[in-house]
1. Within region 19-29, is there a residue that is over 23 Å from residue 136 (Cα atoms) and either without any contact (Cβ under 8 Å) to a residue 60 or more places away in the chain or out of contact with any helix residue (DSSP H, G or I) (no Cβ under 9 Å at 6 or more places or on another chain) (or both)?
2. Could you grab me the full set of residues in region 27-37 that are modelled with pLDDT under 80, over 21 Å from residue 87 (Cβ atoms) and in a helix (DSSP H, G or I)?
3. Out of all the residues in region 67-80, is one or more surrounded by 10 or more Cβ atoms within 10 Å (Cβ to Cβ), in contact (Cβ under 8 Å) with a residue 60 or more places away in the chain and out of contact with any His (no Cβ under 9 Å at 6 or more places or on another chain)?
4. It is to be established whether one or more residues within region 42-62 are closer than 18 Å to residue 20 by Cβ and surrounded by 12 or more Cβ atoms within 10 Å (Cβ to Cβ).
5. Could you grab me the full set of residues in region 125-146 that are out of contact with any strand residue (DSSP E or B) (no Cβ under 6 Å at 6 or more places or on another chain), part of a loop (DSSP other than H, G, I, E, B) and of a type outside the set (Gly, Ala, Ser)?
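The values are calculated or read from the model by the stated rules, or taken from the named source; none is laboratory data. Note that the structure is predicted; figures quoted are calculated from it, not measured. Cβ coordinates were reconstructed from backbone atoms using ideal geometry, including for glycine residues, and neighbour counts include every protein chain displayed.
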Amino acid sequence: MYSVLRGAAVYLLLLLIFRVAGKRTLSEITTFDFVLLLIISEAVQQALIGIDNSMTNAMLVVLTLVGLDIGLSVLKQRSKWLERLLDPRPIVIVADGVLQKEAAMRERVDEDDVLSAARCLHGLERMEQVKHAVLESGGKISVIPR
């Protein structure tokens, strides 16, 4: 039972950390982000397993983590409040070709990020060619050309 509680506590802590870190944190992972993720996983490993290194304990922790993930996804389907709490909403960061500076700063997105998405998705070169850009819940930027 102790392993289940430890697994649940670590899962919820990491969920909170990545929710606070923002949408863009894992959307386009860099080498540094990947190394950080490896370090986090190594740091959390001891908290999950503790002193019991048995296969049974490891399987129990994995089942706890997967069970929590599945359970939360089912609960999010049934509760719009919980879905809004756990999954961020899409945010308009460009409206009629103008960068919404407050929203962009809050989400740590700059004009270069928007233009990069505009080039990749539609071959657009200037902000004036972008009608709207939306930072989606998964961290990707959707661009609607003029």
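1. Step one: of region 19-29, the residues over 23 Å from residue 136 (Cα atoms) are none.
No, that holds for no residue.
2. Within region 27-37, 31, 32, 34, 36 qualify.
3. yes
4. Let us first name the residues in region 42-62 that are closer than 18 Å to residue 20 by Cβ, namely 43-44.
Okay, now just the ones that are also surrounded by 12 or more Cβ atoms within 10 Å (Cβ to Cβ), so 44.
So far as region 42-62 goes, yes, one or more of its residues are closer than 18 Å to residue 20 by Cβ and surrounded by 12 or more Cβ atoms within 10 Å (Cβ to Cβ).
5. 125, 126, 140
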